[in-house]
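No value in this document is a laboratory result; all are computed from the given coordinates. Fair warning: this is a prediction, and the values are worked out from it, not measured in the lab. Counting neighbours? That spans all protein chains shown, and the Cβs are built from the backbone with ideal geometry, glycine included.
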Amino acid sequence: MILNKISFFVFCFITTLFFSGCAGTYVPPEVLQWDQETLKVRNLQTRKFDTLDEKKMLSACASLLQDLGFTLEESETELGMMLGTKDRSAEDGGQIAAAVLFAVAFGVALPTDDHQKFRASVITKPSLETNDMVVRVTFQRVVWNTNGQVSTAEALTDPKMYTEFFEKLSKAVFLEAHEI
């Protein structure tokens, strides 16, 4: 009797492992394909600077991120990488009004956006072929609702944001190079 229970348990355990190992292993081939939009966004996120001094470039990037209100969370100068974040409110008056109307009409409270975190990641890479520094920055946003659930997670691709970032970085690199 005990042997049957143990055998049954082992059978169930092995079956569970077998099926859980098979679940979710299929990746559609088109996931890894780049299209024109991917290249367009990557070009938007990348600029070249006429320097090979990676330390000064990273210093200028760190200063700029801090000036923009980001807190540096991670930095690995040997790899040319840094990550900054900033927290902001995500409350929207229109969304709150709609939730109140819905609650009054149907007696059900809907969660509304509460707070958000912006992330900026910067990667630098010296290009010895062209004697310049390639800088890539990406911006993301994660929004949590009043239930503590993620309601939005997105990459930010507004061209104006990237243009302004690189214009300010150009000025910061100039100031850093001339020690002003």
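At a glance:
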item: Equivalent-ellipsoid semi-axes of segment 48-177, from the Cα gyration tensor, Å, largest first; result: 40, 13, 11
item: C-alpha center-to-center spacing [segment 147-165, segment 57-87] in angstrom; result: 17 Å
item: Segment 104-180: GluC sites (Glu not before Pro) in DSSP coil with no more than 13 other Cβ atoms inside 10 Å; result: E129, E179
item: Extension gain from F102 to E74, taking 0.36 nm per residue of separation minus the Cα-Cα distance; result: 5.9 nm
item: FRET efficiency for K40 and E129, using Cβ-Cβ distance with R0 set to 30 Å, rounded to 0.05; result: 0.80
item: Furthest towards positive pole of dipole, T157, F174, A103, structure part segment 48-177, Cβ charges; result: A103
item: Cα convex hull volume per residue for segment 29-114 (Å³); result: 210 Å³
item: Globularity ratio of segment 105-161, using Cα Rg and 2.2 N^0.38 Å; result: 1.82
item: Cα-based equivalent ellipsoid of segment 65-107: semi-axis lengths in Å, sorted from largest, via gyration tensor; result: 41, 11, 6
